[in-house]
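Contents: one structure, followed by commentary.
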Amino acid sequence: IRTVKAFTLEDVMRARIAENIAVVERNANKMARVSNRSNPLMEMLGGFAVAGCLMYGGYAVVALNATPGQFFSFMTAFLMATEPAKRLARLNIDLNSQLVGARMLLEVVDSPASEQPDDDKPALKLTQAKIELRDVSFAYRDNEPVLNRMSFVAEPGKVTALVGPSGGGKSTVLALLLRFYEATAGDILIDGQSIAQVSRRSLREQTAYVGQDVYLFRDSIRANIAFGKPGATEAEIIEAAKAACAHDFIMSFPLGYDTPVGEHGTQLSGGQRQRIAVARALIRNAPIILLDEATAALDSESERQVQEAIEHLCQNRTTLVIAHRLHTIMNADAILVVEAGEIVERGRHDDLLRRGGRYASFFRLQQRDMGPNVIPMTATS
């Protein structure tokens, strides 16, 4: 609605709606005409049939010596068969109209599952939470590779950052780690175990994800934090909120943790939603943390608060972070520059700057645009 109003699209949208209504009206009128023609037609044919039977019955009684009782019994049976004949004529129309709904239902019921059940596979067992990609390739569409034989290792308990231009395949790496998609080639290992050979549930139970577009359910702040750990106690929820730097603003609301967040969390600011998401990840207490542009849409003050919360989240956990704002990952233990599905540079911040390659040009360009006010991400090793 905001987009329609901001771009003054009211007339365009009204025209589109009017066109759709006109199409529905034409189809409804056509169906009504076909349906309503059957009744008069059957009534007319029934009238001719009755008249014909009366004429023949009268002739049979007068000229052929048939008894009046035979005539009336025949006419009674004939008239009783008229209504079932009308229903039979309407059957085809009613059947076709009902088959539309049945066809839509069967399309949903018969559609293949987006994820095949794999709970019979062994569970993922973590010791160090070391992540390794070996020659991983992936494509959303045929002949359009997104990842091209990508290989790297995310060391346990350290922060590994993925940077580079949009469309390079950074978010796809996290999607493959969570097995939203399956790699078309290569293998992804966690502590030497191929994630394709373990159950998705056990894999996702060991990870906590914070994305750029935070989704909050239409419920209270308490419930949204507790979604990270069903059955969490009040003390655990408050502790996670404090670690995420969210407790103070939550308590500033009249209802505190019972404050409703609204549909999609619209009653909270962007920074507040992000900190709720970090608290939800913190209470999960997962050994693997995946961060996808968690501060990209925030102002400087909100970014600083969320960054502080993320530092608590990443402590002593294997962390993969995607960042466009390079100052947020200056102190990461390893920085991987991803372009066109390949890693073109890797190293620490200072080493990459000294090389003067793609990372250095990205960083200097952002520094010139942003000025000296930077918020580095503390390494967790």
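The values are calculated or read from the model by the stated rules, or taken from the named source; none is laboratory data. What you see is a predicted model; the values in this text were computed from it and never measured. When we count neighbours, we look across all protein chains shown, and the Cβ atoms used for this are built from the backbone with ideal geometry, even at glycine. Side chains are part of the model used for accessible areas, which takes the heavy atoms of the whole protein and leaves out ligands, DNA and RNA. Shrake-Rupley method; radii C 1.70, N 1.55, O 1.52, S 1.80 Å.
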Only listed residue being open to solvent by 80 Å² or more (accessible area, probe 1.4 Å) and among the charged types (D, E, K, R), chosen from E10, E25:
E25
Hey, any hits in region 268-281 for a residue that's touching a strand residue (DSSP E or B) at 6+ places or on another chain (Cβ under 8 Å), farther than 30 Å from G169 by Cα, assigned to a loop (DSSP other than H, G, I, E, B) and of a type outside the set (S, T, Y)?
no
Which members of region 198-238 meet the condition of being charged (D, E, K, R), over 23 Å from L126 (Cβ atoms) and assigned to a helix (DSSP H, G or I)?
R222, E234
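Look through A281, A340 and report the one residue that is in contact with a Gly (Cβ under 7 Å, 6 or more places away or on another chain) and surrounded by fewer than 18 Cβ atoms within 10 Å (Cβ to Cβ). Let's see the steps before the verdict.
On the way: A281 fails: surrounded by fewer than 18 Cβ atoms within 10 Å (Cβ to Cβ).
Every option except A340 fails the conditions.
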Filter region 74-111 down to the residues that are more than 21 Å from G47 (Cβ to Cβ), polar (S, T, N, Q) and part of a helix (DSSP H, G or I), then identify the one that is most open to solvent (accessible area, probe 1.4 Å).
Q98
Across region 242-254, which residue is farthest from R284 (Cα to Cα) among those that are free of Cβ contacts under 8 Å to residues at least 40 places away in the same chain and in a loop (DSSP other than H, G, I, E, B)?
P254
Being surrounded by 10 or more Cβ atoms within 10 Å (Cβ to Cβ), in contact (Cβ under 8 Å) with a residue 24 or more places away in the chain and touching a Lys or Arg at 6+ places or on another chain (Cβ under 9 Å) narrows it down to one of M31, M42, so name that one.
M42
Identify, please: which residue in region 211-249 is within 29 Å of T172 (Cα to Cα) and of a type in the set (D, E, K, R) and is, among those, least open to solvent (accessible area, probe 1.4 Å)?
K229
List the pairs whose first member sits in region 212-241 and is more than 29 Å from S166 (Cβ to Cβ) and of a type in the set (K, R), whose second member is open to solvent by 70 Å² or more (accessible area, probe 1.4 Å) and not in a loop (DSSP other than H, G, I, E, B), and whose Cβ atoms are under 6 Å apart, counting only residues at least 6 apart or on separate chains?
R218/E263; K229/R284
So the helices (runs of 4 or more DSSP H) completely within region 290-381 holding 2 or more residues that are at pLDDT below 80 and either among the charged types (D, E, K, R) or within 28 Å of K130 (Cβ to Cβ) (or both) are 300-314, 358-370
If you go through E19, E43, the only one that is within 37 Å of the chain's Cα centre (by Cα) and either of a type outside the set (A, V, I, L, M, F, W, C) or more than 30 Å from L79 (Cα to Cα) (or both) is E19
